[in-house]
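Working notes, structure below.
The values are calculated or read from the model by the stated rules, or taken from the named source; none is laboratory data. Given the structure is predicted, the values throughout are model-derived calculations rather than measurements. A quick note on method: Cβ atoms are made from the backbone with ideal geometry, for glycine too, and the neighbour counts reach across all protein chains shown. Accessible surface is based on the protein model in full, side chains and every heavy atom, while ligands, DNA and RNA are left aside. Shrake-Rupley method; radii C 1.70, N 1.55, O 1.52, S 1.80 Å.
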Amino acid sequence: MIDPTVVSLGFDDYLSHVASLTDDTLIPSEDRMVRDGKVPSDVMDAIATAGLFAISIPRSHGGLGWTMQQQVALTMEFTRASCVYRSRFSTTIGLSSQGILDHGTQEQRATLLPRMAEGSMVTAFALTEPDAGSDAAALTTTATEDGDTWVLSGHKRYITNAHWADLLIVFARTGGVPGARGVSAFLVPRNAAGVSTCIPERMNGHAEGPVAEVDLDEVRVPKSSLVGDSLGSGFQVALRGINHARLHVAATCVGQATRMLEETARHLDQRQQFGAPLSELGAVQADLGRCFADMEAARALTVEAARAFDEGTIPRHRISAAKLFASEMASRVGDACVQLLGGEGIVGDHPVPRMWRDVRALRIYEGSSPIHERNLGRAVVGHVGTAGVLPDTYRVTRGTPAAES
Ligand SMILES: Cc1cc2nc3c(=O)[nH]c(=O)nc-3n(C[C@H](O)[C@H](O)[C@H](O)COP(=O)(O)OP(=O)(O)OC[C@H]3O[C@@H](n4cnc5c(N)ncnc54)[C@H](O)[C@@H]3O)c2cc1C
């Protein structure tokens with residue numbers, strides 16, 4: 001349950017509250033999380049009580065209803081701590097809740113969103129399959145009508161939180177229709193008969209918040225489990241959540257880079273070589289300066305995409321550019337910080353190398369970097385071809401703007 005005093009806070013006070021949670025609870029619990037190999041349950045309770053499951057869900061549905069600009073500001077704050085914490089509620093706040101909010105039935109919104117907001121219903125977003133990764137529209141999981149039920153069969157992989165989720169949003173093909181138009185979204189309780197999950201033995205980063213394989217073996221769910229009331233809208237449900245999540249990921253990269261730079265600068269101030277702290281060397285300062293500028297560019301791109309988002313139209317090209325740039329930036333900053341730490345960046349328990357491993361995945365999920373580059377390139381060619389201008393730009397367009405492609 002969300003702490004009632006948190007619910008009544010204005011945004012600036014709430015941001016301070018989240019900053020304190022980050023400094024006083026999340027960061028100090030990282031060692032324990034690493035030692036235990038999982039996020040401690042008391043930390044998950046603190047996250048839920050602080051309302052982090054609720055930041056994107058409207059107040060009318062039990063959430064805190066912050067704008068996207070506020071959500072990215074909050075994300076940049078709490079992701080100064082390990083991004084594994086965020087992964088534990090990320091699939092609820094952006095990926096799953098947004099599709100339900102925009103495409104779900106009134107009953108689905110009323111029954112699910114308040115529980116998601118308070119953290120008592122963890123949801124996972126089950127799109128990826130062994131043969132449908134970047135090409136998600138190639139998915140082969142099926143949903144077949146049988147009387148008053150849907151029967152789902154197939155296999156999903158790399159699904160964050162699926163092993164402990166209460167509810168899975170499963171994307172499946174109905175009626176044999178090929179491509180994205182044949183995909184619908186279904187609400188599947190993780191404890192439904194026929195659902196089994198397992199987690200990998202080893203993760204390269206995100207070790208304390210592993211993904212899971214999900215097997216669906218003739219899983220029966222009621223007809224009311226279809227998200228929304230029309231078949232074939234599954235990809236719209238997915239993209240609604242994905243666009244939301246991409247901005248959160250971009251903000252996460254800024255939060256992670258902030259922490260890695262602060263940790264590294266502290267180390268360089270302490271570490272004496274050649275008779276002085278390493279932080280006094282010009283070459284070292286130049287590295288830090290480049291990293292800082294890189295991070296600030298990602299922050300500006302993310303904040304601007306969030307501002308445009310709050311205007312009401314999803315600026316998907318700017319979101320894509322922000323996610324691409326910020327995730328690449330986090331790896332560049334992480335790599336530079338590991339270099340500046342020397343052996344401490346490789347040997348031992350320093351948080352920076354752990355974060356450097358964690359941020360690598362951010363260039364792969366929510367659209368890998370090459371997919372974003374490809375999509376942006378296609379949009380540039382398409383928009384210049386039809387409208388004569390770049391997509392999502394500030395240029396004044398004369399006449400009717402080209403339809404988004
Ligand atoms: C930590 C983690 C958490 C995840 N969580 C979830 C989740 O909760 N739910 C979910 O459904 N999925 C999740 N995923 C899956 C993620 O979305 C996929 O890994 C991603 O879409 C890429 O698919 P793939 O891994 O099958 O790579 P592939 O599709 O095999 O692609 C491999 C690489 O090939 C290149 N490539 C592929 N296609 C193109 C192209 N057209 N042009 C240029 N280059 C290309 C890219 O470099 C790409 O990274 C998660 C993945 C990870 C690693």
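So the values come out like this:
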quantity	calculated
Degrees separating the helix 316-341 axis from the principal Cα axis of the chain, which is the longest one	40 degrees
Rg followed by Dmax, in Å, when the range 60-215 is reduced to its Cα trace	16.0, 50
DSSP-defined beta bridges in the chain - what % are antiparallel, rounded to 5	85 percent
Most fluctuating residue given options Asp294, Asp135, Asp358, as computed from a GNM of the chain linking Cα atoms under 10 Å	Asp135
At R0 = 30 Å, FRET efficiency that the Cβ-Cβ distance of Arg59 and Asp36 yields, to 0.05	0.30
Gaussian network model of the chain, springs between alpha carbon atoms under 10 Å - residue of Glu304, Glu107, Glu373 with greatest fluctuation	Glu107
Amide hydrogen neighbours beyond the local backbone of Ser233, cut-off 5 Å, H modeled	Ala185
Residue with peak Gaussian network fluctuation, the chain [Cα springs, cutoff 10 Å], from Glu201, Glu77, Glu145	Glu201
Sites Asp269 and Leu231, calculated FRET efficiency, Cβ-Cβ separation with R0 45 Å, nearest 0.05	0.15
Trp150 long-range amide H proximity, modeled H, under 5 Å	Val221, Lys223
Dipole magnitude (debye, nearest 20) for the chain, charges at Cβ of Lys, Arg, Asp, Glu	920 debye
Estimated FRET transfer efficiency (Asp146, Glu280; beta-carbon r; R0 51 Å; 0.05)	0.10
Principal-axis tilt of helix 369-387 within the chain, Cα atoms, nearest 10 degrees	70 degrees
Phi to ³J(HN,Hα) by Karplus 6.51 cos²θ - 1.76 cosθ + 1.60 over the range 345-354, Hz, x for Gly, Pro	x, 10, 9, x, 10, 4, x, 4, x, 5
Prolate/oblate/rounded call for the chain, Cα gyration tensor, a/c under 1.5 rounded	prolate
Cleavage-rule hits, trypsin sites (Lys or Arg not before Pro), the range 152-223, DSSP coil, Cβ neighbours within 10 Å at most 13	Arg202
³J(HN,Hα), Karplus 6.51/-1.76/1.60, whole Hz, each residue of the range 43-49, x for Gly, Pro	6, 4, 4, 5, 5, 5, 4
Karplus-derived 3J(HN,Hα), 6.51/-1.76/1.60, for each residue of the range 205-212, Hz, glycine and proline x	x, 6, 5, 8, x, x, 7, 9
Residue-normalised accessible area of the chain, given per residue in Å² at a 1.4 Å probe	44 Å²
In degrees, nearest ten, helix 106-118 long axis to first principal axis of the chain (Cα)	30 degrees
With every protein chain in place, the chain: carbon and sulfur % of accessible area (1.4 Å)	52 percent
